[in-house]
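Written below as structure tokens is the structure these notes are about.
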Amino acid sequence: MNNKLLSLKPLVLAAMLLLSATAAQAGITFYTSQSAFNAAISAPGVDTFDDLSVMRYTSPMSRTAGAYSYTVSSVNDLYGAGLPGDHWLSNNNLLDPIVFSGFSGGVTAFGGNFFGSDINGMYMPNTSVTLLALDGYGNSISYTINNTTMNSFLGFVFDSPLASVTLTSGGTYWPTANNLTLGVTEVPANVPEPGTFSLLLGGVAALGYAARRRRMVR
């Protein structure tokens, strides 16, 4: 067999593996500024939860945010919280996580206002809540918001479709969400940027040249 072909096979294999890894691993960015989050996404849709009442709701619940649909669930049901004219989404058991999933339309961006509420569904100041976001490839990011206010914002932007976001509280108050915003990013999912391709091709060329030079020296 041609020795040159044998020498090139590992290089081609390495390039293919590198391309595969680049495509499979999504970039993840989080935002604590709502304006910066909105500037990073397109076609946002918002679920204000203002159609809810202060009462218990059976889980799971199907919801929409603009053109997007999604599912929200909690083990021991959900709970409508908040004030007249500004209702929020919480759950019925403060120890249970709230899980957002089943996003339609290739959603890659998730954001909103997150804080804690009391047993009556009223806002509690200076609480901490944690959000864990996961994409379809298993890439994840977790962020805790401390000393929350009703305007505390957190948003995640992935380069690949979002699988789920889990909201939990500190255990002495109820995790609560408001103004849930879903959207998409401009960068196509799972496609390396042109710069990435250039670097990969340059690396393959360099490896090929080095291999050729080694053969010449022998």
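The values are calculated or read from the model by the stated rules, or taken from the named source; none is laboratory data. The structure displayed is predicted, hence computed values, not measured ones. Methodologically, a virtual Cβ is constructed for each residue, glycine included, from the backbone with ideal geometry; neighbour enumeration extends over all protein chains shown.
What is the one condition in (1) among the aliphatic types (A, V, I, L, M); (2) surrounded by fewer than 20 Cβ atoms within 10 Å (Cβ to Cβ); (3) in contact with a helix residue (DSSP H, G or I) (Cβ under 7 Å, 6 or more places away or on another chain) that Leu95 does not satisfy?
(3) is the only condition that Leu95 fails.
Could you list all residues from region 35-72 that are more than 16 Å from the chain's Cα centre (by Cα), farther than 19 Å from Thr176 by Cα and of a type outside the set (A, V, I, L, M, F, W, C)?
Listed by number, the residues that qualify are Ser35, Gly66.
Given the conditions (1) in contact with a helix residue (DSSP H, G or I) (Cβ under 7 Å, 6 or more places away or on another chain); (2) modelled with pLDDT of 95 or more; (3) farther than 23 Å from Asp86 by Cβ, and given that Thr166 satisfies all but one, which numbered condition is not satisfied?
(1)
(1) of a type in the set (A, V, I, L, M, F, W, C); (2) closer than 20 Å to Ala43 by Cβ; (3) surrounded by fewer than 17 Cβ atoms within 10 Å (Cβ to Cβ): which one isn't true of Ile119, the others all being true?
Only one criterion in (1) of a type in the set (A, V, I, L, M, F, W, C); (2) closer than 20 Å to Ala43 by Cβ; (3) surrounded by fewer than 17 Cβ atoms within 10 Å (Cβ to Cβ) is unmet by Ile119, namely (2).
Can you pull out the residues in region 16-47 that are modelled with pLDDT of 95 or more, loosely packed, with under 15 Cβ neighbours inside 10 Å and assigned to a loop (DSSP other than H, G, I, E, B)?
Hits for region 16-47 are Thr32, Ser33.
Filter region 73-97 down to the residues that are assigned to a strand (DSSP E or B) and either under 15 Å from the mean Cα position of the chain (by Cα) or small (Gly, Ala, Ser) (or both), then identify the one that is farthest from Leu52 (Cα to Cα). Give the steps one after another, and end with the answer.
Kept after step one, since they are assigned to a strand (DSSP E or B), are these residues of region 73-97: 73, 78-83, 86-91.
After this cut, where a residue has to be either under 15 Å from the mean Cα position of the chain (by Cα) or small (Gly, Ala, Ser) (or both) as well, the list is 73, 80-82, 90.
On the way: Ser73: 15, Gly80: 6, Ala81: 8, Gly82: 9, Ser90: 11 Å.
Ranking the qualifying residues of region 73-97, first place goes to Ser73.
Of these, Gly138, Gly155, which one is modelled with pLDDT under 95 and either part of a strand (DSSP E or B) or out of contact with any strand residue (DSSP E or B) (no Cβ under 6 Å at 6 or more places or on another chain) (or both)?
Gly138 is the lone residue from the list that is modelled with pLDDT under 95 and either part of a strand (DSSP E or B) or out of contact with any strand residue (DSSP E or B) (no Cβ under 6 Å at 6 or more places or on another chain) (or both).
Residue check: is Ser104 without any contact (Cβ under 8 Å) to a residue 40 or more places away in the chain, within 16 Å of Asn178 (Cα to Cα) and not basic (Lys, Arg)?
no
Can you tell me which of (1) hydroxyl-bearing (Ser, Thr, Tyr); (2) part of a loop (DSSP other than H, G, I, E, B); (3) surrounded by fewer than 18 Cβ atoms within 10 Å (Cβ to Cβ) is the one Ser59 doesn't meet?
(3)
Name the pairs: first residue in region 171-183 and assigned to a loop (DSSP other than H, G, I, E, B), second residue of a type in the set (Ser, Thr, Tyr), Cβ to Cβ under 7 Å, at least 6 apart or on different chains?
Pairs that qualify, where the first residue is assigned to a loop (DSSP other than H, G, I, E, B) and the partner is of a type in the set (Ser, Thr, Tyr), are Tyr173/Ser117; Tyr173/Thr127.
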